[in-house]
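Data first, discussion second: the structure below is written as structure tokens.
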């Protein structure tokens, strides 16, 4: 079961209304076994709002059970209901299991350079 939570200090900040953040929980027998976290963003390239998926995590004891694919399918359906046209995320170049998961679920793997700067 995937549960959608909007709105809890790092989690509270990440989910602040002004951040357009979204948190998805996957539970089995009232136990959280997986989650996804993302942000709704606006972009010129997508021509509409898009979902940036920051995290997708499945507890090790629950992997290889298609849970991540279920979460991705739920997120896609939910995104379509909000007229979100694009979903993006990053994964490591050596994280082949994650790349395979995303490919299996219709994502395209593209090489890119991640550019960032810490400001304090």
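Given the condition modelled with pLDDT of 95 or more, more than 13 Å from the chain's Cα centre (by Cα) and within 27 Å of residue 109 (Cα to Cα), answer yes or no: does some residue in the stretch 8-17 qualify? Break it down stepwise before answering.
In the first step, residues of the stretch 8-17 are kept if they are modelled with pLDDT of 95 or more; the result is none.
No, the stretch 8-17 contains no residue that is modelled with pLDDT of 95 or more, more than 13 Å from the chain's Cα centre (by Cα) and within 27 Å of residue 109 (Cα to Cα).
Could you list, in sequence order, all residues of the stretch 107-120 that are under 19 Å from residue 47 (Cβ atoms) and surrounded by fewer than 11 Cβ atoms within 10 Å (Cβ to Cβ)?
Result: 108, 110.
Residues of the stretch 17-57 being surrounded by 15 or more Cβ atoms within 10 Å (Cβ to Cβ) and not in a strand (DSSP E or B), which ones?
Answer for the stretch 17-57, where residues must be surrounded by 15 or more Cβ atoms within 10 Å (Cβ to Cβ) and not in a strand (DSSP E or B): 20, 46.
Would you mind telling me which numbered condition in (1) within 15 Å of the chain's Cα centre (by Cα); (2) modelled with pLDDT of 95 or more; (3) assigned to a loop (DSSP other than H, G, I, E, B) residue 84 fails?
All conditions pass for residue 84, except number (2).
Is one or more of the residues making up the stretch 58-71 assigned to a loop (DSSP other than H, G, I, E, B), touching a strand residue (DSSP E or B) at 6+ places or on another chain (Cβ under 6 Å), surrounded by fewer than 17 Cβ atoms within 10 Å (Cβ to Cβ) and at pLDDT 85 or above?
yes
Out of the stretch 21-43, which residues are over 19 Å from residue 90 (Cα atoms) and out of contact with any helix residue (DSSP H, G or I) (no Cβ under 8 Å at 6 or more places or on another chain)?
Within the stretch 21-43, 25, 27, 29, 30, 31, 32 meet the criteria.
Just for the stretch 73-104: of the residues that are under 15 Å from residue 23 (Cα atoms) and in contact with a helix residue (DSSP H, G or I) (Cβ under 8 Å, 6 or more places away or on another chain), which one is surrounded by the most Cβ atoms within 10 Å (Cβ to Cβ)?
87
The values are calculated or read from the model by the stated rules, or taken from the named source; none is laboratory data. Note that this is a predicted model, so its numbers are computed, not measured. Every residue, glycine among them, receives a Cβ derived from its backbone with ideal geometry; neighbour counts consider all protein chains shown.
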